[in-house]
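Student: My questions will all concern the structure given below.
The values are calculated or read from the model by the stated rules, or taken from the named source; none is laboratory data. Since the structure is predicted, the reported quantities are computational estimates derived from the model, not experimental observations. Glycine also receives a Cβ, built like all others from the backbone with ideal geometry; neighbour counts cover every protein chain displayed. Accessible surface is based on the protein model in full, side chains and every heavy atom, while ligands, DNA and RNA are left aside. Shrake-Rupley method; radii C 1.70, N 1.55, O 1.52, S 1.80 Å.
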Amino acid sequence: MIFLAALSICTTLSAQYFPSKSQWDSKPAAQVGLNQSAIDDAVQFAMDNEYSGQKDLRLAILQGFSREPYHALQGPTKERGGPAGMIIKDGYVAASWGDTKRVDMTFSVTKSYLSTTAGLALDDGLIASVKDQVKGYVWDETFEGAHNAKITWEHLLQQTSDWSGALFGLYDWADRPDREGELDDWRYRKLNEPGSSYKYNDVRVNVLSYSLLNVWRKPLPQVLKERIMDPIGASTTWRWYGYKDSWINMDGQQMQVVSGGGHHGGGVFISTEDHARFGLLFARKGKWEDEQLISERWTEMIQTPASAYESYGYMWWLNKGPRSWEGLPDHLYYAAGFGGNFIVVDEQKDLVIVTRWLEPSQIGELVRKVYDSMN
């Protein structure tokens, strides 16, 4: 009986559908357990609630971060397209809308791709433990001083490091400063013990990118391409950029430290379909067909809530704590970026929802509509 049960499980797992590089099969919603009318309603909702910001993303970025001192565009941008998205159930395309092949900026969804290169470094033993202090791996001035020396990989991944300093001419305190106070208050603020306080901060995310480049000693886009994107059949159209002055000398070669978002331009530029493949990899706990591309352990670790902020994991958002979406399961997690870019993952339902240029305040309602289609 045990043998038969194990055989049944193996047969079920082997029967999971994965898209080939050239073909992604669709199925009517009803064939994957969804109500067609409810899915049609969700798609129409996404189309009707387009992000209200500028299509010229240079203007959208400058307007969105105008209160930050010294804010400027440092990396490339691209005029955005219209609403687009995909609903993937059991590996099949249950619905899609807009131009799913169009390459667009994806802003802070990039952080979840960056996190993945950290997971691969852990899998390969390049990082022994996320609890290690980063100064043991990056021994230049980046982590000098009593405060910065305490920072671990986990602190950087959970945005609880309170790293203090400047990177590529950008100051940590100038990124999303407090609503209260002015320049001197921000510049000479009291530092928080690493791990004790959460703060979303792109300069510190870029410190993680810089640190990972020091560990990998080759460009992070190359790592992502070879280890993740090529094996999952992603297109060759995606790009990952840094800033015009984020080049460093690494082992005698010039390499770019890529950014973890589009706050100053740059980040990952990618299609909806490639996002969906990436999301499906995580819905399948890091396994693509017969190959474990990233460890199942890592797909569990990224869902570890920061002790200082329950809604945030290892650069993935969790449906827990103050940022949770009402009426939706707490086991789902998601990548999120400026302008309404999202990849929602539910391992238990084998479900992925990708949406681009949705009014950000409407994401909870869109996801609820999809979940309502399963009732």
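Student: For the stretch 112-209, with only Lys/Arg (+1) and Asp/Glu (-1) charged at the beta-carbon, what is the dipole magnitude about the Cα centre, in debye rounded to 20? It would help to have the intermediate numbers written out before the result.
Tutor: Working: 10 positive and 17 negative charges, 31 e Å.
Its charge dipole is roughly 160 debye.
Student: Highest mean first, how do 108-119, 323-334 rank when packing is the count of other Cβ atoms within 10 Å averaged over residues? Could you put the intermediate results ahead of the total?
Tutor: On the way: 108-119: 26.7, 323-334: 16.0.
Going by the mean number of other Cβ atoms within 10 Å, highest first, we get 108-119, 323-334.
Student: Scan the stretch 143-190 for trypsin sites (Lys or Arg not before Pro) in coil per DSSP, keeping those whose Cβ has at most 16 other Cβ atoms within 10 Å, and list them by number.
Tutor: Numbers: sites: Lys150, Arg179, Arg187, Arg189, Lys190; in loops: Arg179, Arg189, Lys190.
Counting only loop positions with at most 16 other Cβ atoms within 10 Å, the trypsin sites (Lys or Arg not before Pro) in the stretch 143-190 are Arg179, Arg189, Lys190.
Student: With each label point set 7 Å from Cα along the Cα-Cβ vector, what nm distance links Tyr200 and Tyr70?
Tutor: Each label point is offset 7 Å from its Cα along the Cβ direction, giving 2.3 nm.
Student: To continue, here is another question. What accessible area per residue comes out for the stretch 1-142, rounded to a whole number of Å², with a 1.4 Å probe? Present the calculation step by step, with values, prior to reporting the outcome.
Tutor: Values: 7100 Å² over 142 residues.
Solvent-accessible surface per residue comes out at 50 Å².
Student: Please report, to one decimal in angstroms, the Kirkwood hydrodynamic radius of the chain built from all distinct Cα-Cα pairs. Working shown, then result.
Tutor: Working: mean 1/r = 0.0470 Å⁻¹.
One decimal place: 21.3 Å for the Kirkwood radius.
Student: Do any of Lys135/Lys320; Lys89/Lys287; Lys21/Lys369 go past 20 Å between their Cα atoms, and which? Intermediate values should be presented prior to the final figure.
Tutor: Working: Lys135/Lys320 31 Å; Lys89/Lys287 16 Å; Lys21/Lys369 30 Å.
Cα-Cα > 20 Å for Lys135/Lys320; Lys21/Lys369; rest within.
Student: Between their Cα atoms, which of Lys27/Lys78; Lys111/Lys218; Lys285/Lys349 are more than 22 Å away from each other?
Tutor: Lys27/Lys78
Student: Same structure again: Size of the dipole of the chain about the Cα centre, Lys and Arg at +1 and Asp and Glu at -1 on the beta carbon, nothing else charged, in debye to 20?
Tutor: Working: 38 positive and 48 negative charges, 77 e Å.
Around 380 debye, computed over the chain.
Student: Rank Leu191, Gly82, Gly145 by how far each Cα sits towards the positive end of the charge dipole of the stretch 72-230 (+1 on Lys, Arg Cβ; -1 on Asp, Glu Cβ) and give me just the farthest.
Tutor: Comparing the listed Cα positions along the dipole, Gly82 ranks first.
Student: Which value in deg cm²/dmol, rounded to the nearest 500, describes the helix-derived mean residue ellipticity at 222 nm for the chain, given -39,500 (n - 2.57) per DSSP H run of n ≥ 4 and division by the residue count? Walk me through the numbers before you get to the answer.
Tutor: Working: 11 runs with 106 residues, N = 375.
Calculated at 222 nm, the ellipticity per residue is -8000 deg cm²/dmol.
Student: While we're looking at this one, here's another question. Quick check: at a probe of 1.4 Å, how many percent of the accessible area of the chain sits on carbon and sulfur atoms?
Tutor: Numbers: 7690 of 15860 Å².
With neighbouring chains kept in place, the figure for the chain is 48 percent.
Student: Which value, in debye to the nearest 20, gives the size of the charge dipole of the stretch 231-375 about its Cα centre, when Lys and Arg are +1 and Asp and Glu are -1 at the Cβ?
Tutor: Approximately 240 debye in magnitude.
Student: Let me ask something else about it. Just want the answer: with Cβ charges of +1 for Lys and Arg and -1 for Asp and Glu, which residue in Pro322, Val345, Pro360 is farthest toward the dipole's positive end in the stretch 301-375?
Tutor: Of the candidates, Pro360 comes out farthest on the positive side.
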